[in-house]
Structures are given as C-alpha cells and as structure tokens.
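*Asks:* Just dropping this structure here.
The values are calculated or read from the model by the stated rules, or taken from the named source; none is laboratory data. Given the structure is predicted, the values throughout are model-derived calculations rather than measurements. Don't worry about glycine lacking a Cβ; one is built from the backbone with ideal geometry, like all the others, and counts go over all protein chains shown.
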Ligand SMILES: NC(=O)c1ccc[n+]([C@@H]2O[C@H](COP(=O)([O-])OP(=O)(O)OC[C@H]3O[C@@H](n4cnc5c(N)ncnc54)[C@H](OP(=O)(O)O)[C@@H]3O)[C@@H](O)[C@H]2O)c1
C-alpha cells in the first residue's frame with residue numbers, strides 16, 4: 001500500500017485521484033486551499049491527512065509540509081490553473097497568475113517536500129500536452145506547462161542518483177471545473193475518472209512519461225515532429241472554435 005500526497009486534491013483530477021487511492025486502501029495526504037473540500041475528503045477516514053495551503057506562498061507551503069504526520073512515498077504535484085490570452089493581447093498580470101500557480105507553485109511545493117524525499121519515492125508532475133505544440137490562446141498556459149515539463153525532465157536526471165523516480169504526465173483535455181470554463185471544442189475530452197485510471201496505472205508501472213488520452217496526445221506528438229510552420233497550421237485546425 002502507498003501513501004500518496006496530492007496537491008490540488010480538492011477538485012477535478014486531483015480529487016478523483018484522492019478518492020480512487022482511498023478506495024484502493026492507500027493512504028493520502030490531500031492538499032489545497034478549499035477547507036470544506038479538504039474536510040469532506042478526510043472526515044471518517046483513518047488513512048487521510050489534509051494540509052491547507054496556497055502553493056503560490058512559499059512560506060505557507062513550507063510551514064504546512066513541516067506539520068505533515070504521514071510519510072508519503074508517492075508525491076503528485078497536480079495543483080494548477082488555466083487562463084487563456086484573448087485576441088493575442090498579452091496581459092502580463094494574467095501570465096504572472098498562471099506562472100505563479102503552475103510553475104512557481106510547483107517550485108514552492110518541491111522545495112517544501114524535498115526534505116521528506118527518500119530513496120524509492122516517486123515524484124509525479126502533472127504537465128499538459130499543450131507544452132508539446134503551440135496551441136491557440138495558450139501563450140500563458142502552454143508556456144507555463146513547457147517550463148513545468150523542462151523542470152520535471154531535468155529532475156528526472158538529478159534525482160536519479162538519490163533513487164527517486166520522476167514521472168511527467170501529459171494529459172489532453174479532461175472534464176473538470178478547469179475545462180468547464182472553456183467555450184471552444186475540446187477534441188477527445190475524457191472524464192476525471194478516466195484520467196485517474198491512466199495516471200494511477202502509469203504511476204504503478206513507474207513510467208517516466210504518461211500521455212493520455214492516447215489518440216489525442218499521439219496526434220499532437222506527431223504534429224510536434226513537423227516543422228514549426230506546419231505545426232501551427234495543424235494545431236489551429238485541431239483546436240478551432
Ligand atoms: N483538465 C484538463 O483538461 C487538464 C489538461 C492538462 C493538464 N491539466 C492539469 O491538471 C491539473 C489539475 O487540473 P484540473 O483540471 O483538475 O483543475 P481543477 O479542477 O481546477 O483543480 C485544480 C486544483 O488545483 C488547486 N489549486 C489551484 N491553485 C492553487 C493554489 N494557488 N494553491 C493551492 N492549490 C491550488 C485547486 O485547489 P483549491 O482551489 O482548493 O486551492 C484544485 O484542487 C492542473 O495542473 C492542470 O493544469 C488539466
């Protein structure tokens with residue numbers, strides 16, 4: 001049985017992962033800002049601990065992790081947000097918000113967690129397939145996830161001597177409160193339940209990379225092998241609306 005820490009466990013993919021790990025008899029450390037969602041996850045559970053903190057606040061993140069009673073062996077860094085740039089008009093405040101949650105929030109979470117890492121642990125970072133190909137309106141989100149992907153792939157090398165495996169997850173569209181805000185067509189979107197199955201299977205096999213849904217992420221990865229100017233034409237076609 002594993003002890004699994006999950007950031008962003010109060011909603012969407014993280015919430016589903018937490019429920020599924022609990023149902024499987026694993027222990028969880030659920031993290032997020034929403035106290036009610038955290039409370040409802042841990043109540044009546046003997047193998048669940050909740051840590052409430054905002055990942056954009058490095059000190060609060062460190063403080064919360066220092067109070068942790070459990071000893072996770074799987075660390076899923078999942079918390080994040082998504083905002084799109086409209087009409088190509090760069091909005092520095094929007095880009096800061098997205099990077100603070102998706103990239104610096106991951107950095108803060110890793111910094112606060114690394115003192116607890118031990119040989120044999122698994123670090124899992126939730127990126128996005130949007131980091132692999134430029135997608136319309138994803139100037140902020142895609143760039144933040146490209147930074148996440150680079151950081152995680154670098155960590156794969158630097159944590160190896162410490163016998164810690166790093167898994168990078170590249171999801172396509174998943175139906176969650178994050179994507180419920182989208183007004184465009186989301187091809188081959190999957191449920192949070194399906195996302196949780198794909199992520200948990202990959203973690204169990206200690207895969208270095210997890211891509212899902214297979215068809216959508218394979219199409220984008222193939223597009224990513226083409227010259228940039230063809231990539232843009234194809235990704236604009238795939239994600240119109
Ligand atoms: N849904 C998709 O199609 C999709 C595709 C590719 C990648 N992803 C990635 O998957 C991850 C989860 O996304 P989701 O779709 O499940 O989104 P979601 O339903 O909006 O959940 C986001 C989670 O992140 C937490 N979070 C956000 N900002 C935070 C902050 N500043 N401090 C602490 N926790 C914070 C939220 O918790 P609180 O509100 O309680 O803080 C919530 O639990 C994200 O990294 C996202 O980029 C999603």
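*Asks:* Identify, by number, the condition in (1) free of Cβ contacts under 8 Å to residues at least 40 places away in the same chain; (2) near the ligand (Cβ under 9 Å from one of its atoms); (3) surrounded by fewer than 18 Cβ atoms within 10 Å (Cβ to Cβ) that residue 130 doesn't meet.
*Replies:* Unmet condition: (3).
*Asks:* For residues that are more than 17 Å from the chain's Cα centre (by Cα), within 21 Å of residue 102 (Cα to Cα) and touching a residue at least 24 places away in the same chain (Cβ under 8 Å), tally how many sit in the stretch 29-50.
*Replies:* 3
*Asks:* I've got another one for you. May I ask you to list the residues in the stretch 90-107 that are touching a helix residue (DSSP H, G or I) at 6+ places or on another chain (Cβ under 7 Å) and within 9 Å of the ligand (Cβ to nearest atom)?
*Replies:* Result: 102, 106.
*Asks:* Given the structure, is residue 197 surrounded by 18 or more Cβ atoms within 10 Å (Cβ to Cβ), at pLDDT 95 or above and under 18 Å from the mean Cα position of the chain (by Cα)?
*Replies:* Considered against the rule, which asks whether it is surrounded by 18 or more Cβ atoms within 10 Å (Cβ to Cβ), at pLDDT 95 or above and under 18 Å from the mean Cα position of the chain (by Cα), residue 197 comes out as no.
*Asks:* Within the stretch 58-89, take every residue that is within 10 Å of the ligand (Cβ to nearest atom), in contact (Cβ under 8 Å) with a residue 60 or more places away in the chain and not in a strand (DSSP E or B) and give me the one that is surrounded by the fewest Cβ atoms within 10 Å (Cβ to Cβ).
*Replies:* If we take residues in the stretch 58-89 being within 10 Å of the ligand (Cβ to nearest atom), in contact (Cβ under 8 Å) with a residue 60 or more places away in the chain and not in a strand (DSSP E or B), then 81 is surrounded by the fewest Cβ atoms within 10 Å (Cβ to Cβ).
*Asks:* Within the stretch 175-212, which residues are touching a strand residue (DSSP E or B) at 6+ places or on another chain (Cβ under 8 Å), in contact (Cβ under 8 Å) with a residue 60 or more places away in the chain and within 10 Å of the ligand (Cβ to nearest atom)?
*Replies:* Across the stretch 175-212, the qualifying residues are 192, 195, 199.
*Asks:* Would you pick out the residues in the stretch 90-117 that are under 26 Å from residue 183 (Cα atoms) and surrounded by fewer than 16 Cβ atoms within 10 Å (Cβ to Cβ)?
*Replies:* Scanning the stretch 90-117 gives 90, 91, 92, 93, 96.
*Asks:* Which residues, counting only those in the stretch 137-174, are surrounded by fewer than 18 Cβ atoms within 10 Å (Cβ to Cβ) and farther than 18 Å from residue 106 by Cα?
*Replies:* Result: 137, 160, 161, 162, 163.
*Asks:* With (1) more than 10 Å from the ligand (Cβ to nearest atom); (2) farther than 23 Å from residue 235 by Cα; (3) free of Cβ contacts under 8 Å to residues at least 60 places away in the same chain as the list, and residue 150 as the residue in question, which single condition is left unmet?
*Replies:* All conditions are met except number (2).
*Asks:* Please list, ordered by residue number, the helices (runs of 4 or more DSSP H) wholly in the stretch 100-190 having 2 or more residues that are closer than 28 Å to residue 1 by Cα.
*Replies:* 105-113, 139-159
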